[in-house]
Amino acid sequence: MTDKLIIFDTTLRDGEQSPGASMTKDEKLRIARQLERLKVDVIEAGFAASSNGDFDAVKTIADHIKDSTVCSLSRANDRDIARSAEALKGANRARIHTFIATSPLHMEK
């Protein structure tokens, strides 16, 4: 058995949650291209179901990145998963990263 380290980068999705750190679609694509150049295995491009802007960014990245797996974050519900799948259609390799809400605020929203 051979061990393999997989680099899963969340800069484009989680990085935007820092105050003042929002990025345009073009900025996200530029960063995604650099991550691909660095041979990052999985690029979490965004949360496609959260807004039309994030959907467009995930779709654009999925359409342009060829060597890394492009990922969209998704709540574990049919709507989010379908929205992620739609945004990732153009990807060579795609992944949907699902999560289940555990905090009272996340469960309410």
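Is it true that some residue in the range 98-109 is in contact with an Asp or Glu (Cβ under 7 Å, 6 or more places away or on another chain), on the phi < 0 side of the Ramachandran plot and hydroxyl-bearing (Ser, Thr, Tyr)? No: zero hits. Out of 59, 4, 39, 25, one residue alone is farther than 14 Å from residue 96 by Cα and under 13 Å from the mean Cα position of the chain (by Cα). It is 25.
Among the candidates 50, 103, 84, single out the residue that is without any contact (Cβ under 8 Å) to a residue 24 or more places away in the chain, out of contact with any helix residue (DSSP H, G or I) (no Cβ under 6 Å at 6 or more places or on another chain), under 22 Å from residue 27 (Cα atoms) and of a type in the set (Ser, Thr, Tyr). After applying the criteria, what remains is 50. Scanning the range 58-81 for residues that are among the hydroxyl-bearing types (Ser, Thr, Tyr) and either touching a residue at least 60 places away in the same chain (Cβ under 8 Å) or farther than 18 Å from residue 8 by Cα (or both) yields one hit, 60.
Restricted to the range 1-44, and to residues there that are assigned to a strand (DSSP E or B) and without any contact (Cβ under 8 Å) to a residue 40 or more places away in the chain, the residue that is surrounded by the fewest Cβ atoms within 10 Å (Cβ to Cβ) is 9. Hey, any hits in the range 55-74 for a residue that's touching a strand residue (DSSP E or B) at 6+ places or on another chain (Cβ under 6 Å) and aromatic (Phe, Trp, Tyr)? No: zero hits.
Residue-level check: of (1) at pLDDT below 95; (2) assigned to a helix (DSSP H, G or I), residue 50 misses just (2). Among the conditions (1) closer than 23 Å to residue 34 by Cβ; (2) outside any strand (DSSP E or B), residue 85 misses just one, which is (1). With the structure loaded, tell me whether residue 8 is touching a helix residue (DSSP H, G or I) at 6+ places or on another chain (Cβ under 8 Å) and of a type in the set (Phe, Trp, Tyr) or whether it fails that test. No.
Tally time: how many residues in the range 54-81 are under 18 Å from residue 28 (Cα atoms), in a helix (DSSP H, G or I) and not hydroxyl-bearing (Ser, Thr, Tyr)? Here the count works out to 10.
The values are calculated or read from the model by the stated rules, or taken from the named source; none is laboratory data. Quick caveat: nothing in here was measured; it's all calculated off a predicted structure. Cβ sites come from the backbone with ideal geometry, for glycine too, and all protein chains shown count toward neighbours.
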